[in-house]
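In what follows, a single structure is set out as structure tokens and then discussed.
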Amino acid sequence: MGELERRRGFGADVVTAELATAGLPRPVWRPWGFLRERLTMMGIGGRWAVILPPLLWLLIFFLIPLIVVIKIAFSESVVGQPPYMPLLTISPEGDVQMTLHLSNFIFLTQDHLYLDAYLSSLKIAAISTILALLVGYPMAYFIARSGDRARNILLMLVILPFWSSFLLRVYAWIGFLKNNGVIDNTLEALGVQHLIDALNAALAPLGWAIPPLPWAMLYTDFGVYIGIVYTYLPFMILPLYTNLVKLDGALLEASADLGAKPFRTFLSVTLPLSMPGVIAGSMLVFIPAIGEYVIPQLLGGPSTLMIGRVLWDEFFTNRDWPTASAVAIAMLVVVVVPLMILQRAQNAVVER
Amino acid sequence: MKRGLFIPIVATLGFIFLYAPIISLVVFSFNESKLVTVWGGFSTKWYGELFANPQVLDAGLLSLRVAAASATIALILGTLCAVALSRFRRFRGKTLLGGMVSAPLVMPDVITGLSLLLLFVAMEEVFGWPAGRGELTIIIAHSTFCMAYVTVVVASRLSDLDQSLEEAAQDLGAIPARVFFDITLPIIAPALISSWLLSFTLSLDDLVIASFVSGPGSSTLPMVIFSKIKLGVSPDVNALASLIIGVVALGVIIATIIQLRRPTKKAPA
């Protein structure tokens, strides 16, 4: 084999010749040499052959759609198909006229439904995130402190529901939460009603009362909290676990040796050290919860306002595409952009 | 260190919280009675009813086709994107590409669905393509958002990768494409498989985006289930849920056993 060929790389002919002398079969044809020749002929360097397909795909199916949404948000709603007026009109004389309608955005600020929906989405997402943290933290801690074998099995148990259908997991809670559903029936069978009666007798002087069974839990905000916590719990547990498993047990022992009670150790050692996990997990629950549509639709009541649901109704029920687009733009500006900035800032901190 | 009982008790309650609804779902799928919360005797009639329902079967097949196609497209595009972002030093549009590929991760489904539908409508008006909406438009939409997840998984694997192997191959004269196919690809294969499976699951699971971009006559399985659920609980949905959960549980348990059996090999860093 000549030095030149050796330097140029393992040319297919050289490899084949060597294999033939060793009595081995010809190798199967591999596509890269051919691909490379073709692309070079077309004037596309190897790098651009890698970059262009995803770049073009995202330009067409991610960026342009957003521009279309912005365009439609500024157009006027009409009855028809498609139900909006074109932004650009060309008069018979050939003059191009562009009309930007701010009416959709003005409408958003005038009708307090939209502002209420934003605030309510933020509130529901925040409460659910805190609940998920309260449930997920002890679980993550428990898993991180288990033996090697048990840990793998417990982690699998946490991830397993994630692989099954999200919709069906939400559905499972309908049977659980509804009036005379599984929870009500179980509580009744356990005789909890007597307990409630006794408590109510004791609380009566204070003017408090626990409502009697069956409890209405489905079609309330409470149902939505349960649904969100249930659906996104794995996203809370996994980052917390990755963080807690790295926690040095010696620090906990040192704290205990210095006389701190377990709770004190938790507050001043474990919790501060696990803050990155807490933040990561909370973001992973909070972000998808804000735009959630399915959970408030199935478990929430008619008064459970969430912005994803408002957009859906505006689009499918009212067939008002411009208003739906304006809601989407406002949602992007108010919710998604700050989150992306926050994420970028967080990445910058992590990289440093 | 002294171990309290508080953590184990709360953790156990947490696992009960995770599994009780699923278990009750499976149990009540074998319920004779139409009422989903009152036990009326053992029966498998809801499973029979499920398989006799052509609407559910068609939707299931459509969902599987869409999931397989979009996972494959997402895998190819996402891997290219991950290679471009983590291996190429600087190129025009790198920031744009990075931003565009990570945005779907934080983008609410309703916005993704709405924007893609509006794009398809506008494209049909201007180019006459895609004519109507259905399987193709769902595949395009799912590929786009699954691609973001593939990129994240593959890019993180690429950044963990021992680059000296790739450099060695390059020093021996292999062209970049050959380095990728002979060295990088076999090493990142597990990440590729898991991101394909993740994309497949995400596509199979999506209701919101599919509802926006599908046309009349092409309803995916989640869309059919959703319209059934809106009318209230019904035992054949329980049967369907139990089947899905059974298949998934079996797959995950087998994968875990294989992983636990295999001695953990760690490449020397």
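The values are calculated or read from the model by the stated rules, or taken from the named source; none is laboratory data. For clarity, every value in this text was computed on a predicted model and none was experimentally measured. Heads up, the Cβs are rebuilt from the backbone with ideal geometry, glycines too, and the neighbour counts pull from every protein chain shown.
Computed values, structure above
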{"read-out": "Residue among B:Ile225, B:Ile188, B:Ile245, B:Ile193 that is in a helix (DSSP H, G or I) and over 26 Å from A:Leu157 (Cβ atoms)", "value": "B:Ile188"}
{"read-out": "Residue match in segment B:45-64 (condition: at pLDDT 95 or above, surrounded by fewer than 19 Cβ atoms within 10 Å (Cβ to Cβ) and either touching a helix residue (DSSP H, G or I) at 6+ places or on another chain (Cβ under 9 Å) or closer than 20 Å to B:Leu136 by Cβ (or both))", "value": "no"}
{"read-out": "In segment B:76-95, the residues that are among the aliphatic types (A, V, I, L, M) and either within 30 Å of A:Ser325 (Cα to Cα) or outside any helix (DSSP H, G or I) (or both)", "value": "B:Leu77"}
{"read-out": "Some residue of segment B:208-218 being in a helix (DSSP H, G or I) and away from chain A (no Cβ under 13 Å)", "value": "no"}
{"read-out": "Scope segment A:118-140; condition closer than 11 Å to A:Val229 by Cβ and without any contact (Cβ under 8 Å) to a residue 24 or more places away in the chain; matching residues", "value": "A:Ile130, A:Leu134"}
{"read-out": "Hey, B:Val248 surrounded by 14 or more Cβ atoms within 10 Å (Cβ to Cβ), out of contact with any strand residue (DSSP E or B) (no Cβ under 6 Å at 6 or more places or on another chain) and over 24 Å from B:Tyr19 (Cα atoms) or not", "value": "no"}
{"read-out": "Breaking point among (1) farther than 30 Å from B:Ala122 by Cα; (2) within 12 Å of chain A (Cβ to nearest Cβ); (3) buried (at least 16 other Cβ atoms within 10 Å of the Cβ), for B:Ser195", "value": "(2)"}
{"read-out": "Failed criterion for B:Tyr149 (all others in (1) within 20 Å of A:Val333 (Cα to Cα); (2) modelled with pLDDT of 85 or more; (3) not acidic (Asp, Glu) hold)", "value": "(1)"}
{"read-out": "Residue tally, condition among the charged types (D, E, K, R) and part of a loop (DSSP other than H, G, I, E, B), over segment A:218-255", "value": "2"}
{"read-out": "Qualifying residues in segment A:334-352 (those that are more than 10 Å from chain B (Cβ to nearest Cβ), over 26 Å from A:Asp221 (Cβ atoms) and not in a loop (DSSP other than H, G, I, E, B)) - the one modelled with the highest pLDDT", "value": "A:Ile341"}
{"read-out": "Identity of the residue in segment B:140-183, aliphatic (A, V, I, L, M), more than 13 Å from chain A (Cβ to nearest Cβ) and surrounded by 14 or more Cβ atoms within 10 Å (Cβ to Cβ), that ends up farthest from B:Ala59 (Cα to Cα)", "value": "B:Leu165"}
{"read-out": "Failed item, numbered, when B:Gly98 is tested on (1) outside any helix (DSSP H, G or I); (2) more than 8 Å from chain A (Cβ to nearest Cβ); (3) without any contact (Cβ under 8 Å) to a residue 24 or more places away in the chain; (4) in contact with a helix residue (DSSP H, G or I) (Cβ under 7 Å, 6 or more places away or on another chain)", "value": "(1)"}
{"read-out": "Residue within segment B:127-139 that is basic (Lys, Arg) and at the interface with chain A (Cβ under 9 Å from one of its Cβ atoms) present", "value": "no"}
{"read-out": "Matching entry among A:Ala250, A:Ala289, A:Ala254, A:Ala324 (being within 11 Å of another protein chain (Cβ to nearest Cβ) and in contact (Cβ under 8 Å) with a residue 60 or more places away in the chain)", "value": "A:Ala289"}
{"read-out": "Subset tally (residues that are facing another protein chain (nearest Cβ under 8 Å), surrounded by fewer than 23 Cβ atoms within 10 Å (Cβ to Cβ) and closer than 14 Å to A:Ser121 by Cβ) for segment A:298-311", "value": "0"}
{"read-out": "Unmet requirement for A:Pro296, which otherwise passes all of (1) part of a helix (DSSP H, G or I); (2) in contact with a helix residue (DSSP H, G or I) (Cβ under 6 Å, 6 or more places away or on another chain); (3) closer than 24 Å to B:Leu13 by Cβ", "value": "(3)"}
{"read-out": "Pick from segment A:115-139, criterion within 14 Å of chain B (Cβ to nearest Cβ) and over 30 Å from B:Leu5 (Cα atoms), ranking: surrounded by the most Cβ atoms within 10 Å (Cβ to Cβ)", "value": "A:Ser121"}
{"read-out": "The listed residue being at pLDDT 85 or above, of a type in the set (Lys, Arg) and in contact with a helix residue (DSSP H, G or I) (Cβ under 9 Å, 6 or more places away or on another chain), out of B:Arg133, B:Arg157", "value": "B:Arg157"}
